[in-house]
Amino acid sequence: MGFAMLLALGITALVLFLIIYRVMKPEPELDPYSGVTGTTATLLNLSADDTQSDTGSGAIQVRPRAASASSILEASNTRDYRATNLLDGDLATAWNEGVPGPGIGEWVRLEFSRPLVLDRLELANGYQQDADRFYANGRVKSLELVYSSGATQLVELLDEMGYQKIEPAVRETEWIELVIVSVYPGRAWDDTALSEVRVYEAVSQL
């Protein structure tokens, strides 16, 4: 067999290999909102001693009747990371998702005892026990809100300690899911955290 034929066979085999590799190679998992921006949360200016924001704007804080999550980081001897930590008013506790990696697609669901007409949500991003723990864990960058009607809202969160205000796209709802879309990576751990969620109902609609 001549050199030219061997060369042609080699090139043919290489081309076939590249075609098969391209077909069989798994596509990278892409952020479904890559390149798409949503509304941006507003940072609330509360002092270190403030536990509640101003409720004089025609709204009252409502505690959800239940909180559940798609996953929860395994508890240690001294800490747990359950979804109800989001409702305890304590920034030293948090919900941490529990899947490998940064938790893209993981969610927490807040259910209400009756349909609410929402005024706003206030959310404490990351694990806010202290600054070291805040930056050591992942924080949510993009968050999808899913309402009981099926409507969705994409929100960009700030990489800041403290509470952030979210203006809801849907007013009346029976429950809300908060879905992690993208994250600010943690310096030490890849699990993503949220510390608190406060829900406010519009008083004028009561």
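The values are calculated or read from the model by the stated rules, or taken from the named source; none is laboratory data. Keep in mind the model is a prediction, meaning the values are calculated, not measured. When we count neighbours, we look across all protein chains shown, and the Cβ atoms used for this are built from the backbone with ideal geometry, even at glycine. In case anyone asks, the SASA skips ligands and DNA or RNA and just uses the protein heavy atoms, side chains included. Shrake-Rupley method; radii C 1.70, N 1.55, O 1.52, S 1.80 Å.
Only protein heavy atoms count here; under a 1.4 Å probe, VAL203 has an accessible surface of about 70 Å². In this simple spin-label approximation, GLU172 and ALA188 carry label points 7 Å from Cα along the Cα→Cβ vector, and these lie 4.8 nm apart. Carbon-plus-sulfur accessible fraction, the range 97-206 (probe radius 1.4 Å, protein heavy atoms only): 47%. Potential lengthening of the chain between ARG79 and GLU160 amounts to 26.9 nm, from the contour at 0.36 nm per residue minus the alpha-carbon distance. Length gained on full extension, ILE60 to THR12: 10.1 nm, using 0.36 nm per residue less the C-alpha separation. The chymotrypsin sites (Phe, Trp or Tyr not before Pro) found in the range 96-195 include none that occupy coil by DSSP while having at most 12 further C-beta atoms within 10 Å. Between THR37 and ARG114, residue separation times 0.36 nm minus the direct Cα-Cα distance comes to 24.6 nm. Spatially, the range 150-189 and the range 90-137 are offset by 8 Å when compared through their Cα centroids.
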